[in-house]
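Below you'll find the structure, written out as structure tokens, and then a few comments.
The values are calculated or read from the model by the stated rules, or taken from the named source; none is laboratory data. The structure displayed is predicted, hence computed values, not measured ones. Every residue, glycine as well, gets a Cβ built from its backbone with ideal geometry; the counts of neighbours run over all protein chains shown. These accessible areas exclude ligands, DNA and RNA; they are computed on the full protein's heavy atoms, side chains included. Shrake-Rupley method; radii C 1.70, N 1.55, O 1.52, S 1.80 Å.
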Amino acid sequence: MEEIKENYDLTPRVAPNLDRHLVFPILEFLQERQLYPDEQILKFKIELLNQTNMVDYAMDIHKSLYHTEDAPQDMVERRAEVVARLKSLEEAAAPLVSFLLNPTAVQELRADKQYNLQMLKERYQIGPDQIEALYQYAKFQFECGNYSGAADYLYQYRTLCSNLERSLSALWGKLASEILMQNWDIALEELNRLKEIIDSKSFSSPLNQVQNRIWLMHWGLYIFFNHDNGRTQIIDLFNQDKYLNAIQTSAPHLLRYLATAFIVNKRRRPQLKEFIKVIQQEHYSYKDPIIEFLACVFVNYDFDGAQKKMKECEEVIVNDPFLGKRVEDGNFSTVPLRDEFLENARLFIFETYCKIHQRIDMGVLAEKLNLNYEEAERWIVNLIRTSKLDAKIDSESGTVIMEPTQPNVHEQLINHTKGLSGRTYKLVNQLLEHTQAQATR
């Protein structure tokens, strides 16, 4: 199992696509799970912190790592520089910060940015230099680890900024701040704002646009596996053609998270069939127990293989920083997503197995579901009671007998119509994009 932990840790692939501040929660998780030696994690933390202004945090880790009460001289000097720079930026941004802290003055602001800039200049002698100073001050606050202050100032900066590139940079900073403060509702709003800009913006090159999409999907992992509606949101985003193409060409490891969302999200089963085709296409470029589990069930009908993969999937989930979130319940600790995943994975195996067998031996089924005989029997009885399964149990022979089902014509018609509307929507979008591209030439 140690081999599985290390081989399927996606940190080396995920971290380069994150802001360095967003890497710290991952390192905390890896340290807690003891996937790597403590010394290795602490050294990597210091390496990351050296590129930020969180000098006090770096000093604490250095003392812990080297078992000393003294901080290195270069860190002491760096701290003095950071304090001096912070004071300087605070003074430069002071006129605009004072204005923003005055409720009466803020009421003078309107939706028109040009009016605001002119009003600030004429009445308060606040010009482009002070607005730029606010951005630099907010950015510095973020680098110091003051995410709350950074989020507030970056929001205010964007209401005054007329530079599109700088406004986009501020929005990335605001998103990172909200994620690090675990404000998942606000973070989701910022993510959707960024998506709109990325999808509509005329980037200098298509490659740059693809890179922004890849960053957005990586940053979104924090939100999708913490927000109440996140598992639906991740499918809505990752499964869009442009984003799925970006995953397939540059970040196939993200398929792990999309696959997990499909498995635990019963409402999105109709879209699973198309996703299975993607898995088949990417079979040689990326391997992952969760992906391979779906291939075993829906492509190869290899139920023994699926059973083995379920055990690996469990290990992957509990050791993944995004999937393995633990919840403390009294003296017990559990991973809710793991439990939900295993329940749905068993259902996938069972449903598919039942489609190709009319009479199923309970002992064989229990083995394929990684359950003992009694657990399997209770599980199947529960499915029958909740109308999830049209079958009956023959206790004497120890078998499950499937009831023949006739395809519902109305359901087939609805499903075909859904597929048709989806294809029509894609076609219209492609035509609109082509027309817009021709118009800009």
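Overview of values
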| read-out | value |
| --- | --- |
| Whichever residue in region 201-222 is over 22 Å from the mean Cα position of the chain (by Cα) and of a type outside the set (S, T, N, Q) and, among such residues, is modelled with the highest pLDDT | Pro206 |
| Long-range neighbours under 9 Å by Cβ, at least six apart or interchain, first residue closer than 15 Å to Asn245 by Cα within region 269-291, second open to solvent by less than 10 Å² (accessible area, probe 1.4 Å) and of a type in the set (D, E, K, R) | Tyr286/Arg256 |
| Residues being within 18 Å of Phe224 (Cβ to Cβ), free of Cβ contacts under 8 Å to residues at least 12 places away in the same chain and open to solvent by less than 50 Å² (accessible area, probe 1.4 Å) - total across region 292-348 | 0 |
| Of residues in region 129-161 being small (Gly, Ala, Ser) and part of a helix (DSSP H, G or I), the one most open to solvent (accessible area, probe 1.4 Å) | Ser148 |
| Residue in region 110-128 that is surrounded by the fewest Cβ atoms within 10 Å (Cβ to Cβ), counting only those that are of a type outside the set (D, E, K, R) and not in a helix (DSSP H, G or I) | Ala111 |
| Residues being surrounded by 14 or more Cβ atoms within 10 Å (Cβ to Cβ) and not in a helix (DSSP H, G or I) - total across region 84-109 | 2 |
| Listing of helices (runs of 4 or more DSSP H) fully contained in region 181-260 that carry 2 or more residues being within 24 Å of Val316 (Cβ to Cβ) and open to solvent by 40 Å² or more (accessible area, probe 1.4 Å) | 230-238, 241-250 |
| Residue count, region 19-28 (criterion: touching a Ser or Thr at 6+ places or on another chain (Cβ under 9 Å) and either open to solvent by 10 Å² or more (accessible area, probe 1.4 Å) or not in a helix (DSSP H, G or I) (or both)) | 1 |
| Meets criteria (without any contact (Cβ under 8 Å) to a residue 40 or more places away in the chain and outside any helix (DSSP H, G or I)) for Glu69 | yes |
| From the options Tyr153, Tyr147, Tyr157, Tyr135, residue that is over 23 Å from Val55 (Cβ atoms) and among the aromatic types (Phe, Trp, Tyr) | Tyr157 |
| Qualifying residues in region 50-73 (those that are more than 24 Å from Val23 (Cα to Cα) and among the charged types (D, E, K, R)) - the one surrounded by the fewest Cβ atoms within 10 Å (Cβ to Cβ) | Glu69 |
| Failed criterion for Leu35 (all others in (1) of a type in the set (A, V, I, L, M, F, W, C); (2) within 25 Å of the chain's Cα centre (by Cα); (3) assigned to a helix (DSSP H, G or I) hold) | (3) |
| Residue among Leu164, Leu171 that alone is touching a Leu at 6+ places or on another chain (Cβ under 6 Å) and either in contact (Cβ under 8 Å) with a residue 12 or more places away in the chain or open to solvent by 10 Å² or more (accessible area, probe 1.4 Å) (or both) | Leu171 |
| Search result, residues across region 353-372 that are open to solvent by 10 Å² or more (accessible area, probe 1.4 Å), touching a residue at least 12 places away in the same chain (Cβ under 8 Å) and more than 12 Å from Asp304 (Cα to Cα) | Cys354, Ile356, His357, Gln358, Arg359, Asp361, Gly363, Leu371 |
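Okay, residues lined up against (1) at pLDDT 80 or above; (2) within 33 Å of the chain's Cα centre (by Cα); (3) not in a loop (DSSP other than H, G, I, E, B):
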| residue | (1), (2), (3) |
| --- | --- |
| Asp339 | yes, yes, yes |
| Glu343 | yes, yes, yes |
| Phe348 | yes, yes, yes |
| Tyr353 | yes, yes, yes |
| Ser397 | yes, no, no |
| Ile401 | yes, no, yes |
| Pro404 | no, no, no |
| Leu413 | no, no, yes |
